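The values are calculated or read from the model by the stated rules, or taken from the named source; none is laboratory data. Fair warning: this is a prediction, and the values are worked out from it, not measured in the lab. Heads up, the Cβs are rebuilt from the backbone with ideal geometry, glycines too, and the neighbour counts pull from every protein chain shown. Just so you know, the surface numbers come from the protein's heavy atoms only, side chains and all, with ligands and any DNA or RNA stripped out. Shrake-Rupley method; radii C 1.70, N 1.55, O 1.52, S 1.80 Å.
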Amino acid sequence: QVQLVESGGGVVEAGDSLRLSCTASGRSPSAYTMAWFRQAPGRGREFVAGIGNYQWYSDSVKDRFTASRDNSKNTMDLRMNVLTPEDSAVYFCAADRTLGVVHTTASQYTYWGQGTQVTVSP
């Protein structure tokens, strides 16, 4: 089992930056691919960024968002720059059962955090 807890969400203005953190605990979380997803009201869960054997980003956030991972602390951060109202969503941290491919489909991930709300005002 892996437990994931997100933090760092909040309300910001367009153009601002925000850093989200995900703290993992449980069985060897450093051996898992981890990813960030987001879900806006009325929409499905959307892949944002992930770190496995490589890093991968969705087209909508690459060049603005940066994911990083500290296996010594079992944390994964998401640095978000130049935020827009379209980035408003609940952001979730997810972990796969293995380390390797960064899947972009939510169903591929086994473990999920409770989510943290990010709201970007115009």
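A few comments on the model shown:
- Here the Karplus relation 6.51 cos²θ - 1.76 cosθ + 1.60, evaluated at θ = phi - 60°, turns the backbone of the stretch 90-101 into coupling constants of 8, 9, 10, 9, 9, 9, 8, 7, 9, 9, x, 5 Hz, with x for every Gly and Pro.
- Pairwise label distance in nanometres, THR84 with ALA40, each label 7 Å out on the Cα-Cβ vector: 0.9 nm
- Across the stretch 61-69, rounded Karplus estimates of 3J(HN,Hα) from the backbone phi angles (6.51 cos²θ - 1.76 cosθ + 1.60, θ = phi - 60°) give 10, 4, 6, 10, 10, 9, 9, 9, 9 Hz, Gly and Pro being marked x.
- This model, with +1 at the C-beta of Lys and Arg and -1 at the C-beta of Asp and Glu, gives the chain a dipole about its Cα centre of some 360 debye.
- Å² of accessible area per residue within the chain, as computed with a 1.4 Å probe and no ligands counted: 50 Å²
- Solvent-accessible area, 1.4 Å probe, carbon plus sulfur percent, for the chain: 47 percent
- Once backbone amide H atoms are built at 1.01 Å from N, THR110 has ALA95, ASP96, ARG97 as its partners under 5 Å, excluding neighbours fewer than 5 places away on the same chain.
- Using the Cβ-Cβ distance between LEU99 and ASP59 with R0 set to 25 Å, the FRET efficiency from 1/(1 + (r/R0)^6) comes to roughly 0.55.
- Of all DSSP beta bridges confined to the chain, the antiparallel ones make up roughly 90%.
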